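Everything on this sheet refers to the single structure shown next.
The values are calculated or read from the model by the stated rules, or taken from the named source; none is laboratory data. Note that the structure is predicted; figures quoted are calculated from it, not measured. Heads up: the accessible areas ignore ligands, DNA and RNA and are worked out on the full protein's heavy atoms, side chains in. Shrake-Rupley method; radii C 1.70, N 1.55, O 1.52, S 1.80 Å.
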Amino acid sequence: MASAGEPRPAPPDAADQSFDYMFKLLLIGNSSVGKTSLLFRYAEDTFTPSFVSTVGIDFKVKTVYRRAKRVKLQIWDTAGQERYRTITTAYYRGAMGFLLVYDVANAESFSAVQDWATQIKTYSWDNAQVILVGNKCDLEDDRVVPTEEGRRLAHELGFEFFEASAKDNINVKQVFERLVDVICEKMNESLDVSDAPAADGKGARLSEASPAPTRSCAC
Ligand SMILES: Nc1nc2c(ncn2[C@@H]2O[C@H](COP(=O)(O)OP(=O)(O)OP(=O)(O)O)[C@@H](O)[C@H]2O)c(=O)[nH]1
């Protein structure tokens, strides 16, 4: 990930027109819950047991196919540490989806979910979609957050819910692709999208609120 003192990453080139839609997604949650690991598992199918805490923010790009459409995902991995909060919340704007991650073996990370949900409400577009992810479900012996607790909180917050493991590659692809599908579903449902960030990458401005898409997502 980026190291201290390095310039913050620039978004990928939106002029690359080889896709039908572009979605900006964010990974958020406490430090060490496994956000970077989920992203690396999804984008590169790798896992590193050592912990190198993210400095500020970084991103990866991945293209997926959903119902014959090429959807380019710009996935931002935020630092969980409190001291980077001002930098990271600046990236919430224009995000269409969030993976809010906690660690099933870390009670504090679960208690913080409510605060992260408030941050989303405060800094993001109203219709941003959120999936709550209980990561490290491979650590069954160390688990302190029962699956039902996670599901209950997700329901209360109006989010979908998955447990996953970046280490054992459980539900990782499913989590990201479900988020893409939920965004598509919501776009199709919404007839009045006047305040939505543009998903149509052709002309979309990804780092700020954008004009309404000219067509709905058919994926
Ligand atoms: N057992 C297990 N360990 C994991 C899993 N995912 C991540 N880890 C480990 O947890 C530690 C933290 O993972 P990161 O992905 O760096 O955590 P992060 O949320 O990005 O942390 P920050 O960058 O500080 O916000 C690392 O040692 C990972 O190897 C998992 O699914 N299972």
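Okay, here's what the table says:
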{"quantity": "Residue-normalised accessible area of segment 77-197, expressed per residue, 1.4 Å probe, Å²", "calculated": "48 Å²"}
{"quantity": "Listed residue pairs exceeding 24 Å between alpha carbons, taken from Lys62/Lys186; Lys136/Lys173; Lys121/Lys167; Lys69/Lys121; Lys72/Lys136", "calculated": "Lys121/Lys167; Lys69/Lys121; Lys72/Lys136"}
{"quantity": "Share of carbon and sulfur in the accessible heavy-atom surface of segment 21-191 [1.4 Å probe, %]", "calculated": "47 percent"}
{"quantity": "Global form of segment 21-191, assessed from the alpha-carbon gyration tensor, a/c cut-off 1.5", "calculated": "rounded"}
